[in-house]
Amino acid sequence: MSILRNVILLAGLFGFAAPLAAQEYTFKVDSKFVNIAFESKMEVEDIVGTSRTVSGSAKLVKGGGSFDIVVPVESLKTGIDMRDEHLRGEYWLDAAKYPTLRFYGTSVKDLGSGVYEVAGKFVLRGVEKALVVKVQVATIPAEKAASVGMEKANWIRVRAAFKVRLSDFGVKIPDMAAAKVADEWSISVSLFGKEVAK
Amino acid sequence: MRTLLLTLAAMGSIVAIGAPIAAWRIDDSYGIEVQMIVPHAPEVAAMEQLLADEKTPVINLHGEALGPPVRLVLFEQTGLIRPPQDPKLALLPVDKQQGENPLQAKTVWFVAKWASIGSGAFVLLVLGLWAAFFRSRRAS
């Protein structure tokens with residue numbers, strides 16, 4: 001039964017399952033297995049930070065799907081408390097007013113070989129911008145997951161990297177910080193989603 | 001007054017010249033090009049080994065890259081990982097969530113550059129004051 005289920009899952013994910021068009025799979029992000037890294041390259045220092053607190057889910061159907069990923073601004077850490085406070089402050093991400101970053105959408109295009117193009121809206125500081133990202137998806141059958149100590153369920157591993165410009169979201173870098181913080185930030189995401197009942 | 005100004009100028013000159021030399025010494029003696037990583041949870045590390053194929057970057061077997069490789073100085077090197085698959089790589093697990101922020105060589109150079117520029121400007125200012133003082137004394 002589980003073999004059949006995995007075959008259906010893989011077929012659905014890779015878009016080869018025409019008779020299974022109605023199949024829908026929902027995956028919920030497991031925050032234990034999440035890594036989000038962001039980087040800003042500047043003359044004084046390469047600022048790098050992480051978040052390990054992510055929530056969200058993805059629905060996959062044949063040939064498409066939807067997703068919604070949310071990251072609390074409070075969870076972004078760069079290794080220096082004072083810098084983190086500035087990052088959360090009103091001139092930057094304004095965590096008090098806009099407590100989350102969000103990426104959501106309803107366009108998931110299969111490019112083959114486990115690569116998908118997802119298009120949606122990236123929301124930062126309350127400003128929504130269209131964003132298209134290529135993601136790598138690996139499917140993990142329940143037996144394989146259980147063999148490494150993960151919960152026995154079907155999983156997907158998602159990897160993606162993209163860039164955002166702070167100025168696109170209304171963040172105006174103060175002159176004093178201009179040498180320390182770049183406008184363009186590179187973001188990489190690695191997360192595992194567990195299949196859940198619809 | 002003359003002695004004070006010349007002493008200040010000498011001190012400024014030492015900083016202006018010494019700062020880049022100190023930065024060079026620190027970078028040369030303690031600098032290592034490393035790839036900072038966020039280490040995987042044990043289950044994820046085991047899963048990455050299972051999912052890996054020949055195209056999988058070695059870094060991803062150990063963690064997620066934290067930006068591109070960067071030159072670090074004066075950091076605890078006992079945590080460095082030299083992956084057997086690519087011993088030239090130096091991976092450094094860094095836990096940003098716990099406040100870890102290893103010192104980057106470019107930060108040392110940045111500080112040295114501005115210390116040198118600032119001290120150089122200070123020396124010029126002091127020498128200007130000394131010249132003005134010397135001229136006013138000669139005039140009187």
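The values are calculated or read from the model by the stated rules, or taken from the named source; none is laboratory data. Not measured: the values here are computed from a predicted model. Neighbour counts are summed over all protein chains in view; Cβ atoms, including those assigned to glycine, are modelled from backbone coordinates with ideal geometry.
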Could you check how many residues of the stretch B:73-105 are at the interface with chain A (Cβ under 8 Å from one of its Cβ atoms), crowded, with 19+ Cβ neighbours inside 10 Å and over 15 Å from the mean Cα position of the chain (by Cα)? 2
Among residues of the stretch B:49-67 being within 27 Å of the chain's Cα centre (by Cα), in a helix (DSSP H, G or I) and of a type outside the set (A, V, I, L, M), the residue surrounded by the fewest Cβ atoms within 10 Å (Cβ to Cβ) is B:Asn60
In the stretch A:118-143, which residues are surrounded by fewer than 16 Cβ atoms within 10 Å (Cβ to Cβ), under 13 Å from the mean Cα position of the chain (by Cα) and within 23 Å of A:Phe169 (Cα to Cα)? A:Ala119, A:Lys121, A:Val132, A:Lys134
Take B:Val44 and tell me if it is over 30 Å from B:Ala132 (Cα atoms), in contact (Cβ under 8 Å) with a residue 60 or more places away in the chain and in a helix (DSSP H, G or I). no
Matching residues in the stretch A:63-85 (modelled with pLDDT under 90 and either farther than 19 Å from A:Val196 by Cα or surrounded by fewer than 21 Cβ atoms within 10 Å (Cβ to Cβ) (or both)) number 2
Of the conditions (1) over 28 Å from B:Ile37 (Cα atoms); (2) of a type in the set (Asp, Glu); (3) within 14 Å of another protein chain (Cβ to nearest Cβ), A:Glu128 satisfies every one except a single condition; which number is it? (3)
Filtered residues of the stretch A:23-62 (kept if surrounded by 16 or more Cβ atoms within 10 Å (Cβ to Cβ) and of a type in the set (Asp, Glu)): A:Asp30, A:Glu39, A:Glu45, A:Asp46
Scan B:Phe122, B:Phe110, B:Phe134 and give me the residue that is in a helix (DSSP H, G or I) and either loosely packed, with under 13 Cβ neighbours inside 10 Å or touching a Gly at 6+ places or on another chain (Cβ under 7 Å) (or both). B:Phe122
Have a look at B:Val38, B:Val15, B:Val70, B:Val34 and point out the one that is within 10 Å of chain A (Cβ to nearest Cβ), more than 29 Å from A:Ser147 (Cα to Cα) and buried (at least 17 other Cβ atoms within 10 Å of the Cβ). B:Val70
Select from the stretch A:98-144 the residues that are in contact (Cβ under 8 Å) with a residue 12 or more places away in the chain and assigned to a helix (DSSP H, G or I) and write down the one among them that is farthest from A:Val29 (Cα to Cα). A:Glu143
Residue selected from the stretch A:46-63 under the condition at negative phi and in a loop (DSSP other than H, G, I, E, B), by the criterion nearest to the chain's Cα centre (by Cα): A:Val54
Among the residues of the stretch A:150-170, is any more than 14 Å from every other protein chain (Cβ to nearest Cβ), in contact with a strand residue (DSSP E or B) (Cβ under 7 Å, 6 or more places away or on another chain) and of a type in the set (Val, Ile, Thr)? yes
Out of the residues in the stretch A:7-22 meeting the condition of being surrounded by fewer than 20 Cβ atoms within 10 Å (Cβ to Cβ) and not hydrophobic (A, V, I, L, M, F, W, C), tell me which one is modelled with the highest pLDDT. A:Gly15
How many of the residues making up the stretch A:47-78 are closer than 21 Å to B:Asp95 by Cα and among the charged types (D, E, K, R)? 3
